[in-house]
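Novice: Structure provided below as structure tokens; questions to follow.
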Amino acid sequence: MFALVADVERYPEFLPLCEALHIRKQKERNGKILLIADMTVGYKAIRETFTSQVLLDPENKVIDVKYLDGPFRYLDNRWTFLETRNGCDVRFYIEYEFKSRMLGMVMGSMFDRAFRTFAEAFERRADEIYGEKFDS
């Protein structure tokens, strides 16, 4: 599951609201990969692009996302993958606030719903890629 989530360039293929993702920079050091990426999200006529620093740590099975620029005041995001006897337990944490109160009012509740469906989107993607049914 770590590899599936770490494959950020494929997000537009299956994640709700994600219309585009472009990696600006990529560096590798000590087994970790650091990405600077732009993600464009949209809903109806509204489109926003934000830039994040994504640290992929395959050894510890952690993905940390640090917000750099865009419509948010802040965005904290972390994925943690814990091996279990029956597969993998995925923990997803996200907290954010829009800079603009108006944008927050328009997109806030929609973003909340979309982020809640991310886990389902990744489970469906795992089913497609690995051909197995993953339980939440």
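The values are calculated or read from the model by the stated rules, or taken from the named source; none is laboratory data. None of the values given here were measured: they were computed from a predicted structure. A quick note on method: Cβ atoms are made from the backbone with ideal geometry, for glycine too, and the neighbour counts reach across all protein chains shown. Only protein heavy atoms, including side chains, enter the accessible area calculation; ligands, DNA and RNA are left aside. Shrake-Rupley method; radii C 1.70, N 1.55, O 1.52, S 1.80 Å.
Novice: So which of Glu28, Glu9 ends up being open to solvent by 40 Å² or more (accessible area, probe 1.4 Å) and within 12 Å of the chain's Cα centre (by Cα)?
Specialist: Details: Glu28 fails: within 12 Å of the chain's Cα centre (by Cα).
Glu9 is the lone residue from the list that is open to solvent by 40 Å² or more (accessible area, probe 1.4 Å) and within 12 Å of the chain's Cα centre (by Cα).
Novice: Open to solvent by less than 80 Å² (accessible area, probe 1.4 Å), among the acidic types (Asp, Glu) and either touching a helix residue (DSSP H, G or I) at 6+ places or on another chain (Cβ under 6 Å) or on the phi < 0 side of the Ramachandran plot (or both), is that true of Asp89?
Specialist: Values: open to solvent by less than 80 Å² (accessible area, probe 1.4 Å): yes; among the acidic types (Asp, Glu): yes; either touching a helix residue (DSSP H, G or I) at 6+ places or on another chain (Cβ under 6 Å) or on the phi < 0 side of the Ramachandran plot (or both): yes.
When the stated conditions are applied, Asp89 passes them.
Novice: Go through Arg73, Arg47 for me and flag whichever is open to solvent by 90 Å² or more (accessible area, probe 1.4 Å) and more than 21 Å from Ala121 (Cα to Cα). Walk me through it before giving the result.
Specialist: Numbers: Arg47 fails: more than 21 Å from Ala121 (Cα to Cα).
Answer to the check: Arg73.
Novice: Might you let me know whether the range 68-75 holds any residue that is under 17 Å from the mean Cα position of the chain (by Cα), modelled with pLDDT under 90 and acidic (Asp, Glu)?
Specialist: no
Novice: Right, next: List the residue pairs whose Cβ atoms are under 9 Å apart, where the first residue sits in the range 98-116 and is within 13 Å of Phe72 (Cβ to Cβ) and charged (D, E, K, R), the second is modelled with pLDDT of 75 or more and open to solvent by less than 30 Å² (accessible area, probe 1.4 Å), and the two are 6 or more positions apart or on different chains.
Specialist: Close Cβ pairs satisfying both conditions: Lys99/Gly70; Lys99/Pro71; Lys99/Phe72.
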